[in-house]
Amino acid sequence: NFVHKARVQRIVGPPFRMAVPRASALMLVLLWASGTDCAAVAAKAPVGGALGKLDSPYLRGGLWQATALLATYPIDTLKTRLQIPFGAPGEYQRSAGAFAVRRVNALQAPFWSGVGASLLSQVPSMAIMATTFGACRSMLEEKAPKMDALQVDILSIMAGTGVASLWSAPCEAVKCTFQSGMYTSSLKSAVRAIHKERGNYGFLQGYTAQVARDLPFFSIMFASYELMRGEGPSGSSPDHWKQDAALGGAAGAVAALVTTPFDVARTQATMRTWGGKAVWREANSLTLLPHILKEQGVRGVMAGAVPRVGHAAIGAAFFFMAFERYFDKPAPPTKGKKGGK
């Protein structure tokens with residue numbers, strides 16, 4: 001159990017605590033500013049030639065998402081640590097003292113531990129999800145032309161998320177163990193330790209909870225975004241990137257708040273034990289959720305909601321900026337097919 005393995009660390013001083021958010025904010029500002037320039041270039045520059053492959057919407061979207069992740073990674077670390085219980089199981093886990101211990105641990109360095117595993121997940125996962133999304137969307141538009149555009153988007157993104165989760169689940173398991181402090185050495189040693197302890201299954205711990213989290217997350221995010229945007233102009237013009245970012249961030253925040261209990265189950269399932277022993281069936285990590293509710297109460301199943309909402313809002317803002325600008329370009333008109341949204 002991480003609770004028994006974690007070593008007590010000194011609380012970092014104010015100067016270092018301020019350096020991480022300042023660096024993250026600077027990276028976000030630079031990426032945000034470059035987004036407007038990229039929009040103008042994308043609106044004018046032709047696709048093809050030597051830079052044709054670099055102009056791939058999937059690669060661009062993955063790079064946008066990965067950069068936003070890197071800039072906000074300490075927020076995700078904070079969220080993960082707030083979801084991990086300390087101390088003996090029982091009534092204590094409902095107490096204010098138990099959650100105070102989580103907050104103290106969350107503010108301890110390092111904040112960037114496991115970022116390599118996360119980046120290894122993000123770009124390929126984004127590419128897999130976007131590729132599957134595009135294929136499913138085209139198929140549904142051709143096979144079911146009368147289907148509502150929102151339904152097409154939701155079904156397509158759910159298919160893309162399901163396929164991408166097969167790649168992202170092992171990376172997320174490694175990332176979570178780094179963030180918790182269970183492993184503090186190299187990525188290679190963490191992979192070996194997980195395999196030695198649990199075999200191949202160790203990399204899929206919490207997979208059911210992850211799928212139960214991600215499928216509704218993207219469905220709610222897309223539905224919320226489309227409802228808020230309505231029939232208004234999209235980011236195909238550089239003038240509307242702020243609207244895409246604002247609406248996307250709001251949609252991501254709503255989706256993150258609703259799916260937080262599944263994220264808590266995913267995090268604690270990755271820790272593998274509850275009070276020193278496993279309490280869920282290996283085939284279904286969702287069976288841990290009732291134990292969390294019983295031991296920690298509503299506050300436990302919603303642990304880390306604030307940083308999760310903030311992290312998801314930033315990621316969703318960049319996702320929809322890329323989605324509207326690159327993934328959603330109208331296709332050349334073809335008889336019998338729809339182009340764009």
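Would you mind putting 208-219, 256-267, 90-101, 106-117 in packing order, based on average other-beta-carbon counts within 10 Å, highest first?
Packing order, densest peptide first, comes out as 256-267, 208-219, 106-117, 90-101.
Report the label-to-label distance for Gln151 and Glu197 in nanometres (one decimal), using points 7 Å from each Cα along the Cα→Cβ vector.
The two pseudo-label positions are separated by 4.6 nm.
Let me spell out the model: positive unit charges on the Cβ of Lys and Arg, negative unit charges on the Cβ of Asp and Glu, origin at the Cα centre of the range 65-145. What dipole size does that give, in debye rounded to 20?
The calculated dipole for the range 65-145 is roughly 260 debye.
Along Cα→Cβ, 7 Å out, is where each label goes; now give me the distance between the ones at Lys242 and Leu166 in nm to one decimal.
About 4.4 nm, to one decimal.
From largest to smallest, what semi-axes in whole angstrom does the range 163-226 give when each is the square root of 5 times an eigenvalue of its alpha carbon gyration tensor?
28, 12, 9
Quick check: net charge around Leu187, other residues with Cβ under 14 Å of its Cβ, Lys/Arg +1 and Asp/Glu -1?
In short, +2.
Which order do the peptides 153-163, 137-147 take when ranked by the mean count of other beta-carbon atoms within 10 Å per residue, highest first?
With the highest mean Cβ count within 10 Å placed first, the list reads 153-163, 137-147.
Please state, to two decimals, what the Cα-based radius of gyration of the range 105-187 comes to when divided by 2.2 N^0.38 Å (N = residues).
With N residues counted in the range 105-187, Rg over 2.2 N^0.38 Å equals 1.48.
Which residues in the range 160-182 have a backbone N closer than 19 Å to a point placed 7 Å from the Cα of Gln108 along the Cα-to-Cβ line?
Once the point is set 7 Å along Cα→Cβ of Gln108, 175-182 turn out to lie under 19 Å by backbone N, inside the range 160-182.
How large is ³J(HN,Hα) for each residue in the range 191-196, as worked out from phi by the Karplus curve 6.51 cos²θ - 1.76 cosθ + 1.60 (θ = phi - 60°), to whole Hz, x for Gly and Pro?
So the J values, rounded to whole Hz, are 4, 5, 5, 5, 5, 5.
Name the residue farthest towards the positive end of the dipole of the range 111-238 from the options Val174, Cys136, Gln210, assuming +1 on Cβ of Lys and Arg, -1 on Cβ of Asp and Glu, about the Cα centre.
Val174
Starting from the Cα of Met139, step 7 Å along the direction of its Cβ; do the same at Ala96; then give the gap between the two resulting points in nm.
The answer from the label model is 5.5 nm.
What does the net charge come to around Arg102 if you take all other residues with beta carbon closer than 12 Å to its beta carbon, with K and R at +1 and D and E at -1?
Taking every Cβ under 12 Å from that of Arg102, the sum is +4.
Quick note: the coordinates plus some simple rules give every number you see, no bench work behind them. As the structure is a computational prediction, the values presented were derived from the model and not from experiment. Positions of Cβ are generated from backbone atoms using ideal geometry, with glycine treated the same way; all protein chains shown enter the neighbour counts.
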